[in-house]
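Take this structure, written in structure tokens, and hold onto it; I'll ask about it next.
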Amino acid sequence: MKSVTITTLKDMKREGEKIVCLTAYDFSFASLADNAGVDLVMIGDSLGMTMQGNDSTLPVTMDEMAYHVRCVARGVKRAIVVADMPFLSYQQNREQAILNAGRLMQVGGQVIKLEGGEPMADTVRFLVERGIPVCGHIGLTPQSVHQLGGYRVQGKTRDAGERLIHDAKLLEQAGASILVLEAVPAVLARQITQALTIPTIGIGAGRDTDGQVLVLQDMLGIYPRPSPKFSKNFMKGADSIEDAVRAYVKAVKTRSFPGTEHSF
Ligand code: KIV
């Protein structure tokens, strides 16, 4: 069993094999996802909502992220482990970013994810040049929820779409290895995906991104608040949690998820 690396993900894009990503926040679910064939396990700061019950991801701290990354990393043997940088752990300056990114790598992260386009490009370059692989995240960036006026689809106008294409190219040029596209029109996500050599991972970004990610609790239908339109409850019709995760893996690999009903 070969471990997934950032090179594997690039090869998968080139060969047209869809990349399956799922969030996990603890050892048991991480291990289950890994065994079920998930390629990328993400410790998202969505844990602020799914695990802690906050209304947003903003309250999550570095100590909390480090704890969850350590737990997840122990459960993963094959997948690549992507650790989210929480709000205010990287925006101040590049020195702050590298110390916090390095800390998440020391507890088992293999790639760190940070939100933002052009304003974050220098930070991305700084980290990558010092040996830290980076996953970008543009479109709906939940740490900016108050700036964006809510959890809304991004890139809907021509100007906004062009800005996102520009951001995506800058992040790739800065050395990002992966790019998450959240809540953007499917047509725009396809354009961005075709313009880049690094893999794009969509969530609410249509079917033409190189991979898909879902939040574990949405995918299992156990989040007690309303789930976004772009998620799907894979527990329906499944005999077990493992079955549901395997169904999700299969649906992404065979391109039956997401459907148009999950897209904008
Ligand atoms: O925090 C998170 O879980 C994420 C993914 C949904 C992309 O950012």
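Sketch the reach of a paramagnetic label on T7 as a point 7 Å from Cα along Cα-to-Cβ, and name the residues of segment 24-52 whose backbone nitrogen lies under 16 Å away.
Within reach of a label on T7: no residues.
So, with +1 on the Cβ of K and R and -1 on the Cβ of D and E, and no other charges, what is the size of the charge dipole of segment 119-264 about its Cα centre, to the nearest 20 debye? Display every interim value, and only then the final one.
Numbers: 17 positive and 14 negative charges, 59 e Å.
Approximately 280 debye in magnitude.
Continuing with the same structure: Compute the FRET efficiency between M51 and R158 as 1/(1 + (r/R0)^6), taking r as their Cβ-Cβ distance and R0 = 41 Å, and round to the nearest 0.05. Don't skip to the answer; put the middle values down first.
Working: r = 39 Å, r/R0 = 0.94.
Using R0 = 41 Å, I get an efficiency of 0.60.
From Cα pairs below 8 angstrom and at least 6 apart in sequence, can you work out the relative contact order of the chain, rounded to a whole percent?
Values: 555 pairs, mean separation 47.9, N = 264.
Here the relative contact order equals 18 percent.
OK, next. Estimate the FRET efficiency between D243 and L99 by the formula 1/(1 + (r/R0)^6), using the beta-carbon distance for r and 51 Å for R0, to the nearest 0.05. Write down the numbers at each step before the final one.
On the way: r = 42 Å, r/R0 = 0.81.
So the FRET efficiency works out to roughly 0.75.
Quote the accessible area belonging to V60 in square angstrom, nearest 10, computed with a 1.4 Å probe and with ligands, DNA and RNA left uncounted.
Near enough 10 Å² of accessible area.
Let me ask something additional. Radius of gyration and Dmax for segment 114-264's Cα atoms, expressed in Å?
Cα radius of gyration and Dmax of segment 114-264 are 15.8, 47 Å respectively.
State to the nearest 20 debye the size of the charge dipole of segment 6-262 about its Cα centre, where the only charges are +1 on K and R beta carbons and -1 on D and E beta carbons.
Numbers: 28 positive and 28 negative charges, 98 e Å.
I would put it at about 460 debye.
For the full complex of protein chains and a 1.4 angstrom probe, list E115, E15, E172 by accessible area with the highest value first. Kindly include the intermediate steps, with their values, before the conclusion.
Details: E115 15, E15 130, E172 45 Å².
From most exposed to least exposed: E15, E172, E115.
Beyond a 26 Å Cα-Cα separation, which of these cross-linked pairs lie in this structure: K156/K250; K18/K229; K10/K77? Walk me through the numbers before you get to the answer.
Values: K156/K250 30 Å; K18/K229 21 Å; K10/K77 19 Å.
Distance filter (> 26 Å) returns K156/K250.
Roughly how large, in nm² to one decimal, is the mean projection of the convex hull of the alpha-carbon atoms in segment 68-125?
Values: hull surface 16.1 nm².
Computing the convex hull of the Cα atoms and averaging its projections yields 4.0 nm².
Counting only C-alpha contacts under 8 Å and six or more residues apart, can you give the relative contact order of segment 28-144 as a whole percent?
On the way: 191 pairs, mean separation 28.7, N = 117.
With pairs under 8 Å counted, the relative contact order is 25 percent.
What FRET efficiency do you get for R225 and L58 if R0 is 22 Å and r is their Cβ-Cβ distance, rounded to the nearest 0.05?
After rounding, the FRET efficiency stands at 0.85.
To continue, here is another question. Where does segment 1-142 land on Rg/Rh, using Cα atoms and the Kirkwood Rh? Each step should come with its number before you reach the end.
Working: Rg = 14.5 Å, Rh = 15.2 Å.
For segment 1-142, the value is 0.95.
In addition: With a 1.4 Å probe and every protein chain kept in, tell me what percent of the accessible surface of segment 6-262 is carbon plus sulfur. Don't skip to the answer; put the middle values down first.
On the way: 5470 of 11020 Å².
Carbon and sulfur together cover 50 percent of it.
Sticking with this structure for a sec: Select from N100, N35, N54 the residue whose mean-square fluctuation is largest in a Gaussian network model of the chain (Cα-Cα springs shorter than 10 Å).
Fluctuation is largest for N54.
Return the ratio Rg/(2.2 N^0.38 Å) for the chain, where Rg is computed over Cα atoms only. Present the calculation step by step, with values, prior to reporting the outcome.
On the way: Rg = 16.6 Å, N = 264, 2.2 N^0.38 = 18.3 Å.
Relative to the rule-of-thumb radius for its length, the chain sits at 0.91.
Of the options Y90, P224, A195, report the single residue whose Cα projects farthest towards the positive end of the charge dipole of the chain (beta-carbon charges: Lys, Arg +1; Asp, Glu -1).
The one lying farthest along the dipole's positive direction is A195.
The values are calculated or read from the model by the stated rules, or taken from the named source; none is laboratory data. A quick note: this is a predicted structure, and the numbers were derived from the prediction, not measured. Using ideal geometry, Cβ is built from the backbone for each residue, glycine included, and neighbour counts are taken over all protein chains shown. With ligands, DNA and RNA removed, areas are computed over all heavy atoms of the protein, side chains included. Shrake-Rupley method; radii C 1.70, N 1.55, O 1.52, S 1.80 Å.
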